Structure formats: structure tokens, C-alpha cells
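Only the coordinates and a few stated rules stand behind these numbers; no lab work does. If you're wondering where the values come from, they're calculated on a predicted model, not measured in any experiment. Here the Cβ positions follow ideal geometry from the backbone for every residue, glycine too, while neighbour counts run over all protein chains shown.
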Amino acid sequence: MTRREQVVYLAAAWCLSYPDEELIGRVPLMRAALAEFPGSVADFQEVLDQLEFTTAMEIQAHYVREFDLGKRHALHLSYWTDGDTRRRGEVLGNFKNTYRQSDILVDTHGELPDYLPMVLEYTALVDPAAGRELLIRFRASLEMLRFGLLRDELPHARILQAICATLPGKSPADEQAVMRMAGYGPPTEAVGLDPYDPRLLPVKGA
């Protein structure tokens, strides 16, 4: 993994996490790190500006509204391919197994293991090869999330675009192409898993 990819993954992990005071305080660090690579800041600029120039209460309320109070912008990768089905339990178990195989103990902070900021942070800081494999495996989920953010005109769509640009192949042209890539869309069967609290703890930086 290149240094640029590491910076993109970590900055994306933070920008997609709940904007607490600690995260907001990292904005100058993210700007400086992204500035090392021409063109990288542009994909993050609007989100970084929101974090830096919007009140904490307002940006936190916006985050909860867009990412927590519904599944239009679900940050859990297996939701997009498996929904709340029995099969998803097995998929989540596979995420956990990947983390267990790392030399470093991964603390999920109470989150489901397929939470995108956690996967990105794992890729950037713990096991780049295993993390990239997860991102590639769930490329369709990343693309569906990207289209959802684009549809609702959220600046985070460009961050998803930056993530996808680090992975092999071009992004699909439309959502139908993503569905063909995945083989199926989010199932509606709601069995097999207990409902999870949408306001789970955000990923903390290392």
C-alpha cells in the first residue's frame, strides 16, 4: 500500500465517523497529510470545511440525521449485500475472523465489524493487505453507498469516490451496473440478527 492510499483511507475513516470534538480537532492534520499528494485534498475539502467551520452541535446533528437515522447511507458494508438476513451473521463472522488473524488486537469499540470507518482504519494502520481485500470484496457496497450519497447531494460522495479510485477497475456507471456487480441488492428479510443500535460508538484514531 502506498503512503497516499494510507492517508486517503485514514482521512476517509475519520471523515465518515461521528464528528466528536476529538475528530474535529484532527482537521488540520488531515489537511496537511492530504496536501502532500496533489489533488487529494479536493475530494475531502467540503467535508473538512464543514467540520472546521460548522458548529459541533450542527455538524453532529447532521451526521446523525444522514448516517444514523436510516439506512439510505448505511456505513455497514454487509448491509448493502445481505441486509438483515441470516446470511449476514456469517458475513460479519468473516470480518471478525479477518481481524483475529492480524498480529495486532483489533478493538471494535462496540461496533459491528463491517463498519466502514473501522475497515478503513484497519486497512491504514493494522493490515493493509487484509484490509484492501475486504474493500475489494465489498466494492459493490462502496459503490452503492457512493451513489446514495450522490443522490442526496452529500459531499461524502467524493470521499467514497476517492476510496474506490484506490481499488482495481473503474467505478460502475450507474446503480444497475453495481447491482450486477454484486449479484443482488439489499435483501428485505429481517431475520437472523438482533436489531443494532444505530448510535454505536465511532471509531477512535490510533
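Key figures
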item	result
Cα gyration tensor, the range 15-101 - rounded (a/c under 1.5), prolate or oblate	prolate
Under the Karplus curve 6.51 cos²θ - 1.76 cosθ + 1.60, θ = phi - 60°, whole-Hz ³J(HN,Hα) for the range 44-54, x wherever Gly or Pro sits	9, 3, 5, 5, 4, 4, 4, 5, 7, 10, 9
Cα centre as origin, Lys/Arg/Asp/Glu Cβ charges: the range 11-118 dipole, Debye	500 debye
Förster-model FRET efficiency, 25 Å R0, Glu133 and Glu36, C-beta, rounded to 0.05	0.45
Efficiency of FRET between Leu29 and Gln176 - r from beta-carbon atoms, R0 22 angstrom, step 0.05	0.05
Three-way shape label, the range 3-182, alpha-carbon gyration tensor, a/c 1.5	rounded
Hz values of 3J(HN,Hα) by residue in the range 30-43 - Karplus curve (6.51, -1.76, 1.60), Gly and Pro given as x	5, 4, 5, 5, 5, 5, 5, 10, x, x, 6, 4, 4, 5
Residues His109 and Arg65, FRET efficiency given R0 of 25 Å [Cβ-Cβ distance, rounded to 0.05]	0.70
Per-residue HN-Hα couplings for the range 7-12 [Karplus 6.51, -1.76, 1.60; θ = phi - 60°; Hz; x = Gly/Pro]	5, 4, 5, 6, 5, 5
Over the range 43-165, relative contact order from alpha-carbon pairs under 8 Å, at least 6 apart, %	29 percent
Where labels lie 7 Å past Cα in the beta-carbon direction, separation of Leu167 and Arg100 in nm	2.5 nm
Nitroxide proxy distance, nm - points 7 Å out along Cα→Cβ at Thr2 and Asp20	3.4 nm
Ordering of 66-74, 111-119 by burial proxy (mean other Cβ atoms within 10 Å per residue, highest first)	111-119, 66-74
